[in-house]
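Pasting a structure here, questions to come.
The values are calculated or read from the model by the stated rules, or taken from the named source; none is laboratory data. The shown structure was predicted, so the numbers you read here are calculated from the model rather than taken from an experiment. Because the Cβ atoms are built from the backbone with ideal geometry, glycine has one as well, and the counts that use them run over all protein chains shown. All accessible areas refer to the heavy atoms of the entire protein, side chains included, with ligands and DNA or RNA removed. Shrake-Rupley method; radii C 1.70, N 1.55, O 1.52, S 1.80 Å.
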Number of protein chains: 2
Amino acid sequence: MSSSSTPMEIYAKVAVQGDAVRLLKTNKATKEEIDAAVKELLALKLDYKTLTGQEYKVGIPPTNSTPVNSNSLAVEEDDGDYVDPWTVQTSNAKGVDYDKLIVRFGSNKIDQELINRIEQATGQKAHHFLRRGIFFSHRDVHQILDAFETKKSFYLYTGRGPSSEAMHMGHLIPFIFTKWLQDVFDVPLVVQLTDDEKYLWKDITLEQAYKYTIENTKDIIACGFDVNKTFIFSDLDYIGQSPRFYQNVVKIQKHVTFNQVKGIFGFGDSDCIGKISFPAIQAAPSFSTSFPQIFNGQKDIQCLIPCAIDQDPYFRMTRDVAPRIGYPKPALLHSVFFPALQGAQTKMSASDANSSIFLTDTPKQIKTKVNKHAFSGGKDTIEEHQQFGGNCEVDVSYMYLTFFLEDDEKLEKIKQDYSSGKLLTGELKKILIETLQPIIAAHQTRRKQVTDEMVKQFMTPRKLAFNF
Amino acid sequence: MSSSSTPMEIYAKVAVQGDAVRLLKTNKATKEEIDAAVKELLALKLDYKTLTGQEYKVGIPPTNSTPVNSNSLAVEEDDGDYVDPWTVQTSNAKGVDYDKLIVRFGSNKIDQELINRIEQATGQKAHHFLRRGIFFSHRDVHQILDAFETKKSFYLYTGRGPSSEAMHMGHLIPFIFTKWLQDVFDVPLVVQLTDDEKYLWKDITLEQAYKYTIENTKDIIACGFDVNKTFIFSDLDYIGQSPRFYQNVVKIQKHVTFNQVKGIFGFGDSDCIGKISFPAIQAAPSFSTSFPQIFNGQKDIQCLIPCAIDQDPYFRMTRDVAPRIGYPKPALLHSVFFPALQGAQTKMSASDANSSIFLTDTPKQIKTKVNKHAFSGGKDTIEEHQQFGGNCEVDVSYMYLTFFLEDDEKLEKIKQDYSSGKLLTGELKKILIETLQPIIAAHQTRRKQVTDEMVKQFMTPRKLAFNF
């Protein structure tokens, strides 16, 4: 941010740049030109917000009354979508505009060609999360496949911030997909539980954060990961057991400035230094030297990170740092957000019991929650519904089925019937309830079988069933 | 800093507050009143410097030409003394005004009463560093003694930033004194080698920083520490071997904001996040839970830190955080700076071979350096010297003798003879050379006897010869 600019000057710059973007779009400029102009526009809007504490609004010049809210800088666009690792907001009932996010984040769309390549490389039909665009964006996955095809292996890294004991269905998405990737590619997996992050961000003790880690680890193990191929770790535990991990953290921390994390994560001067340096902790597992017990000290084993798109800022930073410390950039696979029962405007929240189906819910609770809270795209009366049909694009029950109903034909038929009005909202909800109940019951059964001994096994730093 | 103030507004505030301080002093206000006003003045000067990048100078209003140098905020006063953990500067040949530093840092003078108490508690004559005011300031040492007298133990913590292989004589001061404290109090000692800090601040690799740690550790061991009572650790090594240490780091990091480290250390937005979070790493050894192997998990063993006064900012921060995370505040003993051969205006520098006597210097090198570089308080000609006498207050050879010549009577005689002009500069230098040569030769002999196995022993996390 140019420190010499007044709010009014930046306000004017934003307005001018907004016009420039619109002009480029009207004149059908190249994607690169438009992207560059949009990037500049977003940077100016961030400057404006940093300086004034206010959102830029067309036609409303800056006032002096609002204090700077240093925690709320993030990538935002005219449509009101707002995505950072802690907040996802959109005013659109269909959810965030993911095509725009791809442009904004500078990632690549997962297209049919990439899906075909994955099927070819693995000899397996693509997971329905890929087929249905639930994992919709990526970085450098072609590079992973190039290497894989010449017998050069990679590893998977995903994670979770253990903010409470109970996980909800949305939290399963990256793990279900990662499990599939582990199965079809047969590669090592590391899972980071960022209990240090949760301690830093929330009003909880270290002990509570660690307890959540253990409880969440049981749910993760219940997803079916192979103990011989998977290392799950708590930051609070593992960082103090791995000099190499800490050394990578320090390396990353040397190569990222406060200005950078301010720009990426919106940190401000009143944030604690733990938050400010935390991004390096989430970055470190992207480098194989952080796990010498698994990779035998090799530093060029590439990492593939399946995660929700809101985690991308961490890995944009990581990819920026990687070449400067002599490591390969991690590749990424981004998923959409799992919608709250109330609608796709927000992510599910572990702190609002009615916004989510929890992995601990009983069949009855599932039924009640879906019937009572799942936002419907149906019409107000049966007559209207039968005449005009429901709207699958905003119907949460239908959205959930895209995540959890594996049968493509059945899903397509539901879509047609609901859109035509043949299938009523109550019937659609019943299908969802009957889809979720057995999935959650099975998860609960598997989770019960997870012993403390198994948790310990997964969390012990050790060599996995791969020779590096 | 109030963001709404212009440089000129703050300039005016500094001027007004400066007048206020002078008025209080003239009117013989209480020490508390004056201290509070000085503190406010310094805060305003910092604000001024942050905003303008310029030092406040009486009668010279702000200009717009200088960019903000965010790395140069530190405690500074009208006399031009400037002290932070990386810079010590004064325009006075006698060195920094330590009485002013005590006021400025809010610490306490080590007075005769405290020295008497230490002698009483230990049954030993006070070390000459205490008797001669080389350790001149403290925090809470009375509390340590209160507890010690009721058989409640404490532990010692000191450290070193390993910035090169060779240490100079100034680096020995805290270790010589700590060794004495360990002997007379019979308590555990932890020694932190901040190789992570040196990696973050300097243009060196992790491997180089760690190599310096090992070489410096040999010099520290050569000071005579008892392996059964001393744990020496490299941050790069130990943090990755101690979950409790890392957990304390995270606790501290949660309770310190960027604003605070900006104010204390002068960090700026373009500093890397490693520097910004580093103070928590230096703070962590102040808490006994960081060493569960030594203190059996007990969290109320108080820590006493002997260090040069420039390290105090770290521990002011630590003492601020301690009660908020349920730990006792560390006590401190502050030493003056060891002067460079060229004079007391600056600290010795490990990077300028002629500014220091190194622990690796030969008898001949010592002789040459003292004769050639040691700043003399003598007069220009022998006749003048014999007539007017030399000035011990600025004579570096004499200053060095106060550090290394243990015999009080002999030292007093030298002072009298030099001040009277009876002792010539060449003779004084000869005494210093003959004092240093055997000390350094003996150090070199002891260092040669330090084996890799001994280094390993000292650096292995383990229980010491104390039952907690």
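Results for (1) free of Cβ contacts under 8 Å to residues at least 60 places away in the same chain; (2) basic (Lys, Arg), shown as yes or no for each residue.
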site: B:Arg324; (1), (2): no, yes
site: B:Tyr327; (1), (2): yes, no
site: B:Phe338; (1), (2): no, no
site: B:Ala353; (1), (2): yes, no
site: B:Thr362; (1), (2): yes, no
site: B:Lys367; (1), (2): no, yes
site: B:Asn371; (1), (2): no, no
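Taking the condition of being open to solvent by 30 Å² or more (accessible area, probe 1.4 Å) and either assigned to a strand (DSSP E or B) or touching a strand residue (DSSP E or B) at 6+ places or on another chain (Cβ under 8 Å) (or both), how many residues in the range B:167-194 meet it?
Residues meeting the conditions: 1.
Right, next: Is it the case, given these coordinates, that A:Thr50 is at pLDDT below 75, β-branched (Val, Ile, Thr) and more than 25 Å from A:Ile102 (Cβ to Cβ)?
Taking the combined requirement at face value, the residue satisfies it.
Among the residues of the range A:366-405, write down those that are of a type in the set (D, E, K, R) and touching a Lys or Arg at 6+ places or on another chain (Cβ under 8 Å).
A:Glu393, the sole residue that qualifies.
Residues B:Lys151, B:Lys229, B:Lys218: which one is of a type in the set (Lys, Arg) and without any contact (Cβ under 8 Å) to a residue 60 or more places away in the chain?
Checking each option against the conditions leaves just B:Lys151.
May I ask you to list the residues in the range B:399-427 that are open to solvent by less than 20 Å² (accessible area, probe 1.4 Å) and touching a Cys at 6+ places or on another chain (Cβ under 9 Å)?
Within the range B:399-427, B:Ile414, B:Tyr418 qualify.
Would you be able to say whether some residue in the range B:305-328 is crowded, with 22+ Cβ neighbours inside 10 Å and of a type in the set (Gly, Ala, Ser)?
no
Which one is modelled with the lowest pLDDT among residues in the range A:428-468 that are more than 18 Å from A:Ile357 (Cα to Cα) and open to solvent by 80 Å² or more (accessible area, probe 1.4 Å)?
So the residue we want is A:Asn467.
If I go through the range B:264-285 residue by residue, how many of them are at the interface with chain A (Cβ under 10 Å from one of its Cβ atoms), outside any strand (DSSP E or B) and in contact (Cβ under 8 Å) with a residue 12 or more places away in the chain?
Residues that pass the stated criteria total 13.
Exactly one condition in (1) modelled with pLDDT under 95; (2) within 30 Å of B:Ile264 (Cβ to Cβ) is not met by B:Ile382; state its number.
(2)
Same structure again: Take the range B:218-243 and flag every residue that is more than 13 Å from B:Thr158 (Cβ to Cβ), touching a helix residue (DSSP H, G or I) at 6+ places or on another chain (Cβ under 9 Å) and away from every other protein chain (no Cβ under 14 Å).
Within the range B:218-243, B:Lys218, B:Asp219, B:Ile221, B:Ala222, B:Gly224, B:Asp226, B:Val227, B:Lys229 meet the criteria.
In the list B:Arg104, B:Arg132, which residue meets the criterion of being surrounded by fewer than 18 Cβ atoms within 10 Å (Cβ to Cβ) and not hydroxyl-bearing (Ser, Thr, Tyr)?
B:Arg132
Hey, another quick one. Name the single residue, out of those in the range B:217-253 being small (Gly, Ala, Ser) and within 24 Å of the chain's Cα centre (by Cα), that is most open to solvent (accessible area, probe 1.4 Å). Explain how you work it out, then say what you get.
Our first condition is that a residue be small (Gly, Ala, Ser); within the range B:217-253, this holds for B:222, B:224, B:234, B:240, B:242.
Filter once more, keeping what is within 24 Å of the chain's Cα centre (by Cα): B:222, B:224, B:234.
Working: B:Ala222: 3, B:Gly224: 36, B:Ser234: 1 Å².
Among residues in the range B:217-253 that are small (Gly, Ala, Ser) and within 24 Å of the chain's Cα centre (by Cα), the one most open to solvent (accessible area, probe 1.4 Å) is B:Gly224.
Hey, another quick one. Need the failing condition index for B:Gln260 against (1) under 22 Å from the mean Cα position of the chain (by Cα); (2) within 7 Å of chain A (Cβ to nearest Cβ), just the number.
Status for B:Gln260: all satisfied but (2).
Let me ask something else. Determine the pairs where a residue that is at positive phi, located within the range B:388-403, has a partner that is of a type in the set (Gly, Ala, Ser) and in a loop (DSSP other than H, G, I, E, B) with Cβ atoms under 6 Å apart, the partner being 6 or more residues away or on another chain.
Within 6 Å, the pairs are B:Gly389/B:Gly421.
Let me ask something else about it. Could you grab me the full set of residues in the range A:131-166 that are polar (S, T, N, Q) and out of contact with any strand residue (DSSP E or B) (no Cβ under 7 Å at 6 or more places or on another chain)?
A:Thr150, A:Ser153, A:Ser163, A:Ser164
Right, another one. Scan the range A:70-102 for residues that are modelled with pLDDT under 65 and closer than 18 Å to A:Lys275 by Cβ and jot them down.
As a first pass, look at the range A:70-102 and keep what is modelled with pLDDT under 65: A:70-79.
Matches in the range A:70-102: A:Ser70, A:Asn71, A:Ser72, A:Leu73, A:Ala74.
How many residues does the range A:254-270 contain that are out of contact with any helix residue (DSSP H, G or I) (no Cβ under 6 Å at 6 or more places or on another chain) and open to solvent by 10 Å² or more (accessible area, probe 1.4 Å)?
So the answer is 5.
Within the range B:286-303, is there a residue that is acidic (Asp, Glu) and either on the phi > 0 side of the Ramachandran plot or assigned to a helix (DSSP H, G or I) (or both)? Working first, answer last.
Of the residues in the range B:286-303, the ones acidic (Asp, Glu) are B:300.
Applying the additional criterion that residues be either on the phi > 0 side of the Ramachandran plot or assigned to a helix (DSSP H, G or I) (or both) yields none.
Within the range B:286-303, none of the residues are acidic (Asp, Glu) and either on the phi > 0 side of the Ramachandran plot or assigned to a helix (DSSP H, G or I) (or both).
Take the range A:130-166 and flag every residue that is within 13 Å of the chain's Cα centre (by Cα) and outside any strand (DSSP E or B).
A:Ile134, A:Gly161
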